[in-house]
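Read-outs: derived from the displayed coordinates by stated rules, not from any lab. Predicted model, so just to flag it, every value in this text is computed and none were measured. Quick reminder, even Gly has a Cβ in these numbers, built from the backbone with ideal geometry, and neighbours come from all protein chains shown.
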Amino acid sequence: MPAIFILIMSLALADSLSGQKEASLAYAVLDFDGTPLSRAFDSQLGNLDLLNKSAPPSSEADARLQVRDQKTAFVIVIPQGFANQIGSNQPPELRLLIDPAVPGMVRNGFRQHVEAAATRVWLTQILEHLRQRMMLPVAEPAGAPEISIESVSNNDTAAAAPPSSVQQSVPAWLIFSMFFVVIPISAVFIGERQCGTLQRLRAQRVPFSLVLAGKFVPFVLVNQMQAVVMVAIGRWLVPLCGGEALTLPGNAAALMALSMLSLAVSVAAVGWALLIASFARSSEQATILGGVGNILMGAIGGIMVPRYVMPAAMQTWTHISPMDWALEGFHEVMLRQGGFTDILPAICSLVCFGLAALAAAAFLNHRATNT
């Protein structure tokens, strides 16, 4: 299941999270004014990354038909008298026909872009009038500034690559799959209880802590093997299917930090699973408690929905989920070029969570034995 999730989510979110999505929406300009100023406004719109400019419609009815049929997302209608408004120093009026299915964020961004282009034409005309009346050389406003984007990492000497879909999906579903070890552990634990194995071990005075250790160590190793498989899928299988390859740190210290973090996640996941197995009395109870608990922790902890997409109020709740601690630790190393000291708080939190769950499991068994 997590392997399929990594493959599907890495491919499905490749464009959205990489910022390299090809233009899939279109806009057109319907110019009823036909003056040099209206054409200057059209040229000021320039090129947009997520929008293609289509041929102008023949009429407003044609423009509305294109928007209704989803052939064009936006149509800017330049009314007659546009140049006269600018010539009389009045803010120009425009109409914008919008497909209601366009996401609100894209809609607001395009509207701001149109307003900025119209304002630039208007201010340029005002400056030209001032130059003519005052006989002074007034320079035109400069074009939009070029903005360079730099990813800031913990290591100033290393360039941190921007996050991609595979860098979100692989750690997220890797963590989610580790916590789903609750299902096989519960099945083994409850099966031994129903078959009388645990009772025979108790009769032979085998400490329950040793019984827990017998489940804990093997499943931690299984989780580590699963982590290697998940990373291999992101590294080699996803690119074969047309996605982006998972980028791993190039130095041994960072890889060791990731290994320690993965081990801490396994401790937390197996401890949680043993607690559920000790509490549940049937496989159905274990499946419901463990499955629902994992889904809630994944939903809150940024596994299913990235934390930066959530509203600010929702983001404060993510910190209560152990899956969030783990995911932030992976991103700290993979995206911000952090080291072991940077993820030490996450490792300690996960290990403490796992040990606390183990202690609670031992307490539940001790209380059940003495009653």
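Odds and ends about this structure:
- Per-residue Karplus couplings for the range 285-292, computed as 6.51 cos²θ - 1.76 cosθ + 1.60 with θ equal to phi - 60°, are listed in order as 4, 5, 5, 5, 5, x, x, 5 Hz, Gly and Pro entered as x.
- The amide H of G338, built 1.01 Å from its N in the peptide plane, has N154, V333 as neighbours under 5 Å, considering only residues 5 or more places off or on other chains.
- Shape class of the range 231-371 from the alpha-carbon gyration tensor: prolate, with a/c at 1.5 or above and a/b greater than b/c.
- Look at where the Cα atoms of the range 187-257 and of the range 290-359 average out, and the two centres are 18 Å apart.
- Overall shape: prolate for the range 171-265, with the ratio a/c of the largest to smallest alpha carbon gyration tensor axis at 1.5 or above and a/b above b/c.
- For the range 233-249, putting each phi into the Karplus relation 6.51 cos²θ - 1.76 cosθ + 1.60 with θ = phi - 60° gives couplings of 5, x, 7, 10, 6, 4, x, 5, 8, x, x, 8, 6, 5, 9, 9, x Hz, in residue order, rounded to whole numbers and with x for Gly and Pro.
- Residue-wise HN-Hα couplings along the range 199-213, as the Karplus relation 6.51 cos²θ - 1.76 cosθ + 1.60 with θ = phi - 60° gives them from phi, are 5, 5, 5, 5, 5, 8, 6, 7, x, 5, 4, 6, 4, 4, 4 Hz; Gly and Pro carry x.
- Remark on V29: its backbone amide H falls under 5 Å from those of I76, a criterion applied only to residues 5 or more positions apart or on other chains, H modelled at 1.01 Å from N.
- Residue exposure proxy: E192, E60, E332, ordered by other Cβ atoms within 10 angstrom of their Cβ from fewest to most, comes out as E60, E192, E332.
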